[in-house]
Amino acid sequence: MSLSVTCQCGAKLELDDAFVGKDVPCPDCSRPLATKLPVPQPVPPPLDLPDYRRTSALAVYSFTTSLVLGFAGFGIIGIALGMYALRAIGQRPRKLSGVKLAKAGIIIGSVLTVLSVVQYFLPTVAGLDRLLREFKFVDRLQYTNSDVYKVASQQRDLSVARPSPAWARLKTPGKLPENVWADDIILINVARDAFVSYQNVQFTDDDLKSRLAKVAERFSKSELVNLLGQLDGIPMPVEMPELKGKNDEHLHLYEATFELRLAGKTRRFLLQFPTGKDADVIVKIAAAPRNQFDRLEEDFRKAFRKPD
């Protein structure tokens, strides 16, 4: 090791380490030269000390993605981000933190992904379909303590029997789309996704076939169909099946059942209207998912009967 020394006179001298700490005269001016070793500068602490750890951004993204998008079916993204975050933290444990955050993202993403899959394939199992309907219709549901709903319409005053406390009246929104005809009244059972509708129809003749065609036309443009099909005023995308029912000569009623697939769900309908010669009649229509119809048929018929 050699030591480089510069004198005040400008002379430079390279000394062997044996002279360190001794006074050595300058060869040019004979002035004594200091031969002390330089004081070493402190070395900053390495970045991988615990004080310098930061939270993994992947862990943060995992948690927020799972929490915000999990119910929308994107929880798998949060799961993947969480797994990448755990891997990165494992490789640099002294630089990265956020294990708990990443694990929370994976767990939340997994749970919400399972629930979204269940909701898609078996919505009634988790009860999420009912919750979504409650949110959808929260401002339109009208419950009553009475056994009868009374409605005043332009044509007549209606009294509709309430089948059970589970049924509410679904109020018509302030403005319907241009091609939709408002129903006189709609009852809804939110838990069962079931509906009962009263629709006014104006007949021009007494022929049953032409009356059925008129009923079908009125139904296809009804508020009920627009609601069930989520059509927003667009014409019904499927053809109305031919109404093949039966006449009850004692009660003077025509009744038919049929099925339609609207908004991805097959529903069974029960239709009933009087067979007299009146030109202005009320057509009563009930609807429920096909697998719920039989359990609800008694409720439908209660709603169809004239209240006591």
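For this structure, a couple of remarks:
- For residue 151, the conditions (1) of a type in the set (A, V, I, L, M); (2) modelled with pLDDT of 80 or more; (3) over 27 Å from residue 280 (Cβ atoms) are fulfilled apart from (3).
- Out of 268, 295, one residue alone is in contact with an Asp or Glu (Cβ under 7 Å, 6 or more places away or on another chain) and assigned by TED's automatic domain parsing to the domain that holds residue 162. It is 268.
- Qualifying residues in region 215-243 (those that are farther than 17 Å from residue 184 by Cα and in contact with a Phe, Trp or Tyr (Cβ under 8 Å, 6 or more places away or on another chain)) - the one surrounded by the most Cβ atoms within 10 Å (Cβ to Cβ): 243
- Residues of region 68-90 that turn out to be in contact with a Leu (Cβ under 8 Å, 6 or more places away or on another chain) and either among the charged types (D, E, K, R) or closer than 30 Å to residue 129 by Cβ (or both), as a count: 7
- Some residue of region 199-208 being in contact (Cβ under 8 Å) with a residue 60 or more places away in the chain and of a type in the set (Ser, Thr, Tyr): yes
- Restricting region 252-299 to residues that are over 17 Å from residue 225 (Cβ atoms) and either of a type in the set (Lys, Arg) or assigned to a loop (DSSP other than H, G, I, E, B) (or both), the residue that is modelled with the highest pLDDT: 295
- Yes/no for residue 212 being more than 25 Å from residue 290 (Cα to Cα), assigned by TED's automatic domain parsing to the domain that holds residue 234 and touching a residue at least 24 places away in the same chain (Cβ under 8 Å): no
- Test set (1) surrounded by 17 or more Cβ atoms within 10 Å (Cβ to Cβ); (2) among the basic types (Lys, Arg); (3) modelled with pLDDT under 90 - residue 175 fails condition number: (1)
- Restricting attention to region 157-183, the residues being more than 21 Å from residue 133 (Cβ to Cβ) and either in contact (Cβ under 8 Å) with a residue 12 or more places away in the chain or in contact with a strand residue (DSSP E or B) (Cβ under 6 Å, 6 or more places away or on another chain) (or both) number 6.
- Those residues of region 191-209 which are more than 18 Å from residue 299 (Cβ to Cβ) and either within 27 Å of the chain's Cα centre (by Cα) or surrounded by fewer than 16 Cβ atoms within 10 Å (Cβ to Cβ) (or both), in sequence order: 202, 204, 205, 206, 207, 208, 209
- Looking only at region 130-145, and only at residues there that are touching a strand residue (DSSP E or B) at 6+ places or on another chain (Cβ under 7 Å) and among the aromatic types (Phe, Trp, Tyr), the one that is surrounded by the fewest Cβ atoms within 10 Å (Cβ to Cβ): 143
- Positions within region 60-91 being outside any helix (DSSP H, G or I) and not aromatic (Phe, Trp, Tyr), in sequence order: 73
- A single member of 90, 21, 78 is loosely packed, with under 14 Cβ neighbours inside 10 Å and modelled with pLDDT of 85 or more, and it is 90.
- Hits in region 146-165 - residues which are loosely packed, with under 15 Cβ neighbours inside 10 Å, of a type in the set (Gly, Ala, Ser) and either assigned to a loop (DSSP other than H, G, I, E, B) or in contact with a helix residue (DSSP H, G or I) (Cβ under 8 Å, 6 or more places away or on another chain) (or both): 146, 153, 164
- Test: residue in region 91-105 that is in contact (Cβ under 8 Å) with a residue 24 or more places away in the chain, within 27 Å of residue 132 (Cβ to Cβ) and of a type in the set (Ser, Thr, Tyr): no
The values are calculated or read from the model by the stated rules, or taken from the named source; none is laboratory data. Keep in mind it's a predicted model, so treat the numbers as computed, not measured. Note that each Cβ is placed from the backbone with ideal geometry, even for glycine, and that neighbours are counted across all protein chains shown.
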